[in-house]
Amino acid sequence: MKNSILLALLGATALTACGENAATPTQNAAQEAPAALTAEAIEAETERLNQWFAARWEEELDFSPIFKTFLGRKDNYAEIDDFSEAASEAQLEWRRAAAADLKETIDYDLLTPEAKISYDIWLYQLEQEEAARPFWRRGYVFHQMSGPHSFLPNFMINFHKVGTADDMRAYVTRISEISRAVDQALERAQLAAGEGVHAPRFAYEGVKKQSQALITGAPFDEEGESPLWGDANRKIATLVDAGNIDEATAEEMREAARNALINDFKPAYDALIAWVDEDIANAPEIATGVGSLPDGEAYYKERLAASTTTNMTAEEVHDLGLSEVARIRVEMEAIKETVGFEGTLQDFFTFVREDDQFYYPNTDDGREAYLQAARDHLEFLNTRLADYFGLLPKADLVVKRVEAFRERDGGAQHYFPGTPDGSRPGIFYAHLSDMKSMPIPQLEVIAYHEGNPGHHMQNSIAQEVEGLPEFRNQASFTAYGEGWALYSELLAKEMGAYEDPYSDFGRLTTEIWRAIRLVVDTGLHAKGWTEQEAIDYFTANSPAAAGQIKSEVQRYIVLPGQATSYKVGMLKIQALRAKAEAELGDDFDIRAFHDIVLGGGAMPLAVLERRVDAWIATEKSA
């Protein structure tokens, strides 16, 4: 499962990782006297393990009605997850007990290599959660990037599908459930604040703006239509048009939705806004990283491990970033010369950042042109996929604008996976409130990152591949996922993309962007850099728009470590490919390599290396 979904939604913690030797199984009683390693015994024990995983998966899903909905299921459809600290503790206790049972009952030596990876990843997930446990009150529960206040309404609008009257009744119940969940998240934020953890001022301002947008308009006042009220009315109207309900039932549903919004939803958001107004006085005067928080150094070390699935230190990450920035600048100089620009690279940055030719108009037509250009680039690259991949995604992809209530100028484009059965497509979202923050040279590369061959391809194949336990179909490791998406940006060039040199410069812009992240993230959280120092370094080394840069730096401040995953993961995948090419020579098959990388779902980088090494050995012996 995309582990600890409650914690991820809260923004309080994500997952941690251990060192390069992580995911090494622990010897247990069942392994002390292994049975004969016959093919029949291995098949039988592997099947027993997969049945164990299937049962545990259903138990784990019971912690998260939200995740069931993401999977396209409708059991517990009227419920929202328990966001309390006690619920997180209960899930951790469950995982501890399950891991103990796994070690006690399954003989690791009698498993197939693929089953051993499944076993190791399951235990690795517990290691992640144990490492994160001391820091539950160190992260920011609410901030401008995410949090229950913005996630839950987005979830209702885009993922709670209504095809029957019962679905709509569940929708109305979930509106009331949101109030309980937001109250629980607020309690966690207050507990963290009581221990000296206060989000930066810009984060509080973002939360307040997003929250106010959700309780403005009907049925709360007469100024327009609030997002959830508009969504509820549209879904009810669809039921009427389909003949599933009559108008009298529709009016009952509207009244129930109105009551839930006014009596439950709004009070929870009023309480959140009131607390933000109160605690913003405790926000630091100058925004910096988590190093200034209680236990800040240890917390950031855990965050780095979580994001990279390595044991790299902050200093090592920082130095890697400096090296990569220097290397990519050389490539950028070459493109500057190709287009005949006279001046320094910094002058070229300013030109690309400020010249109107590199932006669509800040109009609805300009926004639609941006979305259509992204669709056109994806359609082109889709014609090349079969030459580079044996496994191809079945799921559709939709490109759309972020909903108004959560849209931010310069906000990062992002992706939501579809359902395993294909009933809901993957969604590539773009923030288009400020077209001056959306440069055209970066459009093509971002489309490949979020779509194919990037996130959409990786997530869809992971969900669709057969023969894996379902928890692996849904596993998430940031360095793997973001590393693949960044690798895909360069792979697209190999596949014939970026014919316009400015688009290729846009590709380098996003690559140096990820290298800058290594420098800036560690600078903020381990070296005491201020927000402005981070912006200055970013601006000096990238032509990214000013709005993008500010939004990005503020993202790194509230999500420590996450931004380091991209480059670390990309470099590992590139290194594994180079190793395979060197060892296999003329027998190297790019399609087979990509299928090995994608065909096991997301995994820690050390486990991915083990998987690729095993494939290389098999190919050499063939």
Checking the a/c ratio against 1.5 first, then a/b against b/c, what shape does the Cα gyration tensor give for the chain?
rounded
Once the Cβ-Cβ distance between Ala281 and Gln532 is put in as r, and R0 is 22 Å, what FRET efficiency do you end up with, to the nearest 0.05?
0.55
Spacing of the two label points (7 Å from each Cα toward its C-beta) at Glu89 and Asp500, in nm
5.6
Any lysines with Cα under 19 Å of the Lys567 Cα? List them, leaving off those in the same chain fewer than 8 positions away.
Lys301, Lys493, Lys579
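With a cut-off of at most 11 other beta carbons within 10 Å, and DSSP calling the residue loop, which GluC sites (Glu not before Pro) in segment 319-358 qualify? Please list them.
Here the sparse-neighbourhood loop sites are Glu342.
Which GluC sites (Glu not before Pro) does segment 412-519 hold that lie in a coil by DSSP with at most 16 other beta carbons within 10 Å? Each step should come with its number before you reach the end.
Working: sites: Glu444, Glu450, Glu464, Glu466, Glu470, Glu482, Glu489, Glu494, Glu499, Glu511; in loops: Glu466, Glu499.
Counting only loop positions with at most 16 other Cβ atoms within 10 Å, the GluC sites (Glu not before Pro) in segment 412-519 are Glu466, Glu499.
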Check each of the GluC sites (Glu not before Pro) in segment 227-287 and keep only those in coil by DSSP with at most 13 other C-beta atoms within 10 angstrom; list them in order.
Glu285
If each part is reduced to its alpha-carbon centroid, segment 246-311 and segment 393-464 end up apart, in Å, by 23
So, by mean Cβ neighbours within 10 angstrom, what's the order for 206-212, 183-189, 561-567 with the highest one leading?
561-567, 183-189, 206-212
Segment 489-499 - phi-based ³J(HN,Hα) in whole Hz, Karplus 6.51/-1.76/1.60, Gly and Pro as x:
4, 6, 4, 4, 5, 4, 8, x, 7, 6, 5
Gain in length, Asn263 to Thr313, computed as 0.36 nm per residue apart minus the alpha-carbon separation, to one decimal in nm?
13.1 nm
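With contacts defined as alpha carbon pairs under 8 Å and 6 or more residues apart, what's the relative contact order of segment 298-569 in percent?
After rounding, I find 29 percent.
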Rg to Rh quotient for segment 148-283, alpha carbon positions, Kirkwood Rh
1.05
Given contacts defined as C-alpha pairs under 8 Å and at least six residues apart, what's the relative contact order of the chain, whole-number percent?
18
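Go through 594-606, 355-367 and give me the packing order, highest mean Cβ count within 10 Å leading.
With the highest mean Cβ count within 10 Å placed first, the list reads 594-606, 355-367.
Grab the beta carbon distance between Gln212 and Glu342, set R0 = 41 Å, and tell me the FRET efficiency rounded to 0.05.
Details: r = 49 Å, r/R0 = 1.19.
Given R0 = 41 Å and the Cβ-Cβ separation, E is 0.25.
I need the peptides 152-159, 239-246 ranked by packing, meaning the mean over residues of other C-beta atoms within 10 angstrom, with the highest value on top.
Numbers: 152-159: 19.5, 239-246: 13.0.
Per-residue mean Cβ counts within 10 Å order the peptides as 152-159, 239-246.
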Spin-label point model (7 Å from Cα, Cβ direction): what's the Asp101 to Ser292 distance in nm?
4.7
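Give the value in nm², to one decimal: projected area of the alpha carbon convex hull of segment 298-569, averaged over all directions.
Values: hull surface 59.0 nm².
Directional mean of the projected Cα hull area for segment 298-569 stands at 14.8 nm².
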Measuring from label point to label point, each 7 Å out along Cα→Cβ, what is the Leu584 to Ala274 span in nm?
6.3
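Tell me what the chain gives for mean residue ellipticity at 222 nm when only DSSP H runs of n ≥ 4 count, each as -39,500 (n - 2.57), the sum divided by the residue total, rounded to 500 deg cm²/dmol. Could the numbers behind the result be given before it?
Working: 25 runs with 376 residues, N = 622.
The helix-only estimate for the chain comes to -20000 deg cm²/dmol at 222 nm.
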Computed ³J(HN,Hα) along segment 332-348: with the Karplus parameters 6.51/-1.76/1.60, θ = phi - 60°, integer Hz and x for glycine or proline, the list is 5, 4, 5, 5, 4, 5, 4, 7, x, 6, 9, x, 7, 4, 5, 5, 5
In sequence order, what are the phi-derived ³J(HN,Hα) couplings for segment 86-101 according to the Karplus relation 6.51 cos²θ - 1.76 cosθ + 1.60 with θ = phi - 60°, rounded to whole Hz, with x for glycine and proline?
4, 5, 4, 5, 5, 5, 5, 4, 4, 5, 4, 5, 5, 5, 4, 5
List the residues whose amide H sits under 5 Å from the amide H of Gln413, counting only those 5 or more places along or on another chain, with H placed 1.01 Å from N in the peptide plane.
His431
So what does log10 I(q)/I(0) come out to for segment 49-130 at q = 0.12, 0.13, 0.14, 0.15 Å⁻¹, using the Debye formula with one equal point on every Cα and no solvent?
-0.41, -0.48, -0.55, -0.62
Once the mean of 1/r over all distinct C-alpha pairs in segment 539-606 is inverted, the Kirkwood radius in Å reads 14.9
Amide H neighbours of Val399 under 5 Å, counting only residues 5+ apart in sequence or on other chains, H built in-plane at 1.01 Å?
Phe428
Under the rule of at least 5 residues apart or a separate chain, name every residue whose amide H is placed under 5 Å from the amide H of Ala218.
Glu223, Gly224, Glu225, Ser226
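FYI, it's all coordinate maths here, none of it is from the lab. Being a predicted model, the structure only gives us computed values, none of them experimental. Counting neighbours? That spans all protein chains shown, and the Cβs are built from the backbone with ideal geometry, glycine included.
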